[in-house]
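Data first, discussion second: the structure below is written as structure tokens.
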Amino acid sequence: MRIRKFETSDLERILAIERASFGNDAWDERMFLAFHRKCPDLFLVATVRRRIAGYTITCTGSRNAELASIAVDPSDRRTGVGEAMLNHTLAELRAYGVKMWWLMVETKNEPGIRFYEKYGFERDKIVKRYYGPGRHAWRMRFKATAAN
Ligand SMILES: CC(C)(COP(=O)(O)OP(=O)(O)OC[C@H]1O[C@@H](n2cnc3c(N)ncnc32)[C@H](O)[C@@H]1OP(=O)(O)O)[C@@H](O)C(=O)NCCC(=O)NCCS
């Protein structure tokens, strides 16, 4: 597995993984290009045998960072791709001196929450209707300074 920065030529494959992962909630091309402009350093893709298996986006400030999204192709799940992308991101966050890594995840997304908790994220609080009527989010955090 290799992890590298996103390039615009990756878009089509990322969009396919996105649709397979989030269905109607999938981000479109414009959204990914906007994140690429805003957060280019930690918009990463993982490749397995030269094929993109997943992507993740984290946006950094000076003390805090926000994990904006992560998805792995359904056929590549449970093989450590997601964890490897988080590890790569975390090493960079530590190098930047970021203290806290935040994210939002839908309360109904139990696999996602388990994945984040296994990694070491902790539930902070529920943000009601974050994803629309009746769709709440867990705000989760990870102390980037601790040696996990
Ligand atoms: C969440 C997601 C990114 C995980 O990616 P992945 O590459 O399959 O994760 P990994 O293989 O690195 O898993 C690491 C550990 O997390 C936990 N985990 C991962 N997926 C899990 C699941 N579906 N159920 C329970 N635990 C899970 C396990 O402990 C796993 O270790 P194990 O396989 O040895 O048991 C992937 O399932 C996905 O793309 N889901 C759809 C998009 C999504 O929900 N993204 C998160 C919200 S933005």
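Bear in mind these aren't lab numbers, they're just calculated from the coordinates by the rules spelled out. If you're wondering where the values come from, they're calculated on a predicted model, not measured in any experiment. Don't worry about glycine lacking a Cβ; one is built from the backbone with ideal geometry, like all the others, and counts go over all protein chains shown.
Note on the range 42-79: residues that are more than 13 Å from the ligand (Cβ to nearest atom) and surrounded by fewer than 13 Cβ atoms within 10 Å (Cβ to Cβ) total 6. Listed here are the strands (runs of 3 or more DSSP E) enclosed by the range 32-148 that have at least 3 residues being of a type in the set (Lys, Arg): 137-143. Within the range 1-16, which residues are surrounded by 14 or more Cβ atoms within 10 Å (Cβ to Cβ) and in a helix (DSSP H, G or I)? 10, 11, 13, 14, 15, listed by residue number.
For the range 91-141, a tally of residues being within 13 Å of the ligand (Cβ to nearest atom) and among the aliphatic types (A, V, I, L, M) returns 6.
Can you work out which of the residues in the range 109-148 that are of a type in the set (Lys, Arg) and surrounded by 14 or more Cβ atoms within 10 Å (Cβ to Cβ) is farthest from the chain's Cα centre (by Cα)? Per the criteria, the residue is 123.
Conditions tested, residue by residue: (1) basic (Lys, Arg); (2) closer than 21 Å to residue 114 by Cβ.
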position: 14; (1), (2): no, no
position: 43; (1), (2): no, no
position: 49; (1), (2): yes, no
position: 53; (1), (2): no, yes
